[in-house]
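The next block holds one structure in the form of structure tokens; read it before the comments.
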Amino acid sequence: MDAARTETRAKPAAERVQRPQARTLERREAVLKAAMKVFGARGYNKGALVEVAEEAGMTHAGVLHHFGSKEGLLVAMLKYRDGEEVNGVPARAQTEGPAFLQHLIDTVEENTHRRGVVQAYSVLSGESVTDGHPANDYFHERLHILREKIAGVFGEVTGNTDRQSLLDAASTLIAVMDGLQVQWLLEPDAVEMPRLVSTVIDELVARLESAR
């Protein structure tokens, strides 16, 4: 048999193997985006999987096939929002070092064009403090990691080595960003989030530098 012909005939078969995987990832990403919209608008407890399924254009059983449960979908959606790899959906590149402070400002700017993402985060982070909420562990861990990362970056940028001062500055910045999001959701024309976050970062950096 002609090897060239065999190879030519084999290519479509290989492509057929890859295409379902690509379609599967597209479906999963569609479900994640739908969950963000539904949970953001209705909260976790009132947001129904059937609504997520309808928004994503699939069946309730299809959603469960990809994520196993409503709780599993919630955690996957939150990780997807943060750019982590989720069920095969690729992660987004993460920014490290001093550039992370500018990345935070850039993310805030992006969020002014992603009301649904901001709403989902604000609603679900608030709900997560209640007993037994499935996202409690996620938000607890996320805050711990983010606080440590920001503190480390502040230390790099300012040369300040006082751990408590760095952690306090990080907690302050997180509180400002989260609080501004709620104000922006309620009165977007009155709150210029990127400028305010940039101002707070500059003030925190200056304070840490002066306290070295």
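The values are calculated or read from the model by the stated rules, or taken from the named source; none is laboratory data. Because the structure is predicted, anything quoted here is derived from the model rather than measured. Note that we place each Cβ from the backbone using ideal geometry, even for glycine, and neighbour counts take in every protein chain shown. Calculation scope for accessible area: heavy atoms of the full protein, side chains included, ligands and nucleic acids excluded. Shrake-Rupley method; radii C 1.70, N 1.55, O 1.52, S 1.80 Å.
Cβ separations smaller than 9 Å between residues 6+ apart or across chains give the following pairs from region 155-184 residues that are on the phi > 0 side of the Ramachandran plot to residues that are part of a helix (DSSP H, G or I) and open to solvent by 40 Å² or more (accessible area, probe 1.4 Å): Gly159/Glu209. Restricting Gly83, Gly116, Gly88, Gly72 to residues that are open to solvent by 20 Å² or more (accessible area, probe 1.4 Å) and without any contact (Cβ under 8 Å) to a residue 40 or more places away in the chain narrows the list to Gly72.
Of the helices (runs of 4 or more DSSP H) contained entirely in region 130-212, those carrying at least 2 residues that are at pLDDT 95 or above, surrounded by 11 or more Cβ atoms within 10 Å (Cβ to Cβ) and among the hydroxyl-bearing types (Ser, Thr, Tyr) fall at 163-186, 193-210.
Inside region 119-129, residues that are touching a residue at least 40 places away in the same chain (Cβ under 8 Å) and either surrounded by fewer than 17 Cβ atoms within 10 Å (Cβ to Cβ) or within 14 Å of the chain's Cα centre (by Cα) (or both) make up a count of 7. Cβ-Cβ below 7 Å, separation at least six or inter-chain, first residue in region 200-211 and touching a residue at least 60 places away in the same chain (Cβ under 8 Å), second surrounded by fewer than 17 Cβ atoms within 10 Å (Cβ to Cβ) and not in a helix (DSSP H, G or I): which pairs? Pairs that qualify, where the first residue is touching a residue at least 60 places away in the same chain (Cβ under 8 Å) and the partner is surrounded by fewer than 17 Cβ atoms within 10 Å (Cβ to Cβ) and not in a helix (DSSP H, G or I): there are none. Check Glu26, Glu51, Glu55, Glu110 and return the single one that is open to solvent by 40 Å² or more (accessible area, probe 1.4 Å) and either touching a residue at least 40 places away in the same chain (Cβ under 8 Å) or more than 29 Å from Trp184 (Cβ to Cβ) (or both). Only one candidate passes the filter, namely Glu26. If we scan region 81-89, do we find a residue that is over 30 Å from Gln21 (Cα atoms), charged (D, E, K, R) and assigned to a helix (DSSP H, G or I)? For region 81-89, residues over 30 Å from Gln21 (Cα atoms), charged (D, E, K, R) and assigned to a helix (DSSP H, G or I): absent.
Residue selection: Gln94 satisfies the criterion of being open to solvent by 30 Å² or more (accessible area, probe 1.4 Å), closer than 23 Å to Met193 by Cα and at pLDDT below 90.
Residue-wise test of (1) of a type in the set (Asp, Glu); (2) outside any helix (DSSP H, G or I); (3) farther than 30 Å from Thr158 by Cβ.
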{"residue": "Glu54", "(1), (2), (3)": "yes, no, yes"}
{"residue": "Leu74", "(1), (2), (3)": "no, no, yes"}
{"residue": "Lys79", "(1), (2), (3)": "no, no, yes"}
{"residue": "Ala91", "(1), (2), (3)": "no, yes, no"}
{"residue": "Gly97", "(1), (2), (3)": "no, yes, no"}
{"residue": "Thr107", "(1), (2), (3)": "no, no, no"}
